Amino acid sequence: MSISLASLEKAADESDRNFVTALARGLDILRCFDQPGVELTVSELARRVGLNQSTVWRLCYTLIKCGVLVQNSNGSGLQIGAPALTLGYAAIAGQSFPTIALPYMRQIKAQTKGTSTLSLHQAGEMISVLHCPGEFVLPNQPIGWRSSLTSASSGLAILAALPDAERAVLTQQIAARDPLAWPRRLERLERAQTDYARFGYVMNNQMLGGQYASVAVPLLVSDAGATRAWGLGCGSLAALWGQEHMHRAGDALLHVARLLQPVLLHTS
C-alpha cells in the first residue's frame, strides 16, 4: 500500500522551509515497492506517485546511483537495492508490532490531543495492547482490557474491513450470544461499514451514553491462511470532539495505518 506524494506534501505546511520536497518525492517512490520482489518501471512509478516520467527518472537515477534502487537484468524494471533492504531488516528484526507502532501513536496523540490506542482481535474480542493517554482517558480500561467487537471503534473498524465470509461468521457468533442486543449492534455495524467505505476509518460518538467519541482504522494481514487484525484508534470526550475534529483524527490514523501496514507481516 503506497502513499501518494500529495498526502505527504499536504502534511507539510507550505510555509515550512525545512521541508525538502525532493527528499519526500524520493521516499514516495521507495514506498511504491511494497511487495516482496516487486519490479516497477519508471512509467508505473510515475503513475503511482502522480509525477511526470522525466522527474521520476531523475529521482530514480539518483536512487540507483546511491544503490537504493537497482535495475533488473534487462534494464526495463527497478527493484529495491541492498542498502534499503538492510535498513528495513534492521528496523524490523526482533521488534513487535506494538513497539514499532508506539512512536506513531505518540504523534497521533500530539496531533489530536486524544488518547491513542492499539488493540488486537482475538476470538471475537478486542484486547487492549497499548495506549498513549491524551486529555481524557476512559476509566477502568487498563492494558489487557477486553471488549466486544461491536462495542469499540477498533472492533467495528475490523468488522467493516474483514472479507465477507469472515465477517459473517463473527456476526453470527455475536448475534447468538445476545439476540436481544443484536439489532442495536447490527445498526452500529452498518454505520461503521458506511464510514469505512466512505472514509477508510470508523467513527463512534455513542460510547458512555454519547459522552465519548472515538475513531479507528483496521490493520489486517493474512498469515498462514488466517487474518490477523489490529485496531488503531483515538478518542476523547465528545464535548471536545465535533465531527470536524473526528475527521481530522481519522485522517491522522489513516496516514499512520498506511505507514504501518507493510510491516505487519514481518512482526508479531
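The numbers here are math on the coordinates, done by the rules we state, and not lab data. These numbers were taken from a predicted model, which means no experiment stands behind them. Using ideal geometry, Cβ is built from the backbone for each residue, glycine included, and neighbour counts are taken over all protein chains shown.
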| remark: In the chain, taking the dipole from +1 charges on Lys and Arg beta carbons and -1 charges on Asp and Glu beta carbons about the Cα centre, the listed residue (Ala181, Leu259, Gln35) farthest towards the positive end is Leu259
| task | Mind putting a number on the dipole of region 17-130 about its Cα centre? Charges go on the C-beta only, +1 for Lys and Arg and -1 for Asp and Glu, and I need it in Debye to the nearest 20. | result | 520
| query | Which whole-Hz ³J(HN,Hα) couplings does region 80-88 yield from phi under the Karplus relation 6.51 cos²θ - 1.76 cosθ + 1.60, θ = phi - 60°, glycine and proline marked x? | reply | 5, x, 4, x, 5, 5, 4, 4, x
| Net dipole in debye of the chain [+1 Lys, Arg Cβ; -1 Asp, Glu Cβ; about Cα centre; nearest 20] | 160
| message | For Cα pairs less than 8 Å apart in space and 6+ apart in sequence, what is the mean separation divided by the residue count of the chain, i.e. the relative contact order in percent? | response | 16
| task | For the chain, just the Cα atoms, rotate onto the principal axes and tell me the three extents in Å, largest first. | result | 64, 45, 33
| field | For region 122-131, 3J(HN,Hα) per residue [Karplus equation, 6.51 cos²θ - 1.76 cosθ + 1.60, θ = phi - 60°, Hz, x = Gly/Pro] | value | 9, 6, x, 10, 9, 10, 5, 10, 7, 8
| Cα pair distances exceeding 15 angstrom across region 56-139, given as percent | 71
